[in-house]
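Please treat every number below as a calculation from the coordinates, not as lab data. These numbers were taken from a predicted model, which means no experiment stands behind them. No Cβ is skipped: glycine too gets one built from the backbone with ideal geometry, and neighbour counts run over all protein chains shown.
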Amino acid sequence: MPDRDEITLRAMRFHPRVGILPHERELAQPLEVDLTVWTTPRAGGAVVDYRALYDLVAARVAAGALEYIEHVAADIVAAARRVDGVIGARAAVRKPHVALAGPLQHAEVVVERGRRA
């Protein structure tokens, strides 16, 4: 297996309006995101800036029109893969307040693209 580095920002919390139901479009609710990126070790010790990773997640969540967490996760992964040095990314987006008929901790969507090196 080739050398690789893994960077994870876990449990970033936001409070956007997310969903397609009328009450979800009106009231903000918690949304939690994990982002993992894979990089190849770089000469000179260059690293990926954690702030850039956080900022791209925050920008997507703040962009509005969060209908489906599947799209949010895919957009975050696509943006992360555009960061210099990133060869793959995985985003998990969790929505704790899902209106279903029984007990549920959260709904989660995971999108992974690229390679883990």
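Table for the structure above
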quantity	calculated
Separation of alpha-carbon centers, segment 2-39 and segment 72-117, rounded to whole Å	7 Å
Cβ-Cβ FRET estimate between His71 and Asp5, R0 fixed at 35 Å, reported to 0.05	0.80
Gain upon complete extension [Ala62, Ala28; 0.36 nm per residue less C-alpha separation]	11.1 nm
Whole-Hz ³J(HN,Hα) from phi, Karplus 6.51 cos²θ - 1.76 cosθ + 1.60, for segment 48-65, glycine and proline x	7, 6, 4, 4, 5, 5, 4, 4, 5, 5, 4, 5, 5, 5, 7, 6, x, 6
Around Val98: net Lys/Arg minus Asp/Glu count, Cβ-Cβ under 13 Å	-1
Net charge of Cβ neighbours under 13 Å - reference Leu56; Lys, Arg +1; Asp, Glu -1	0
Within segment 37-77, backbone nitrogen closer than 19 Å to the virtual label 7 Å beyond the Cα of Leu100 toward Cβ	67-73
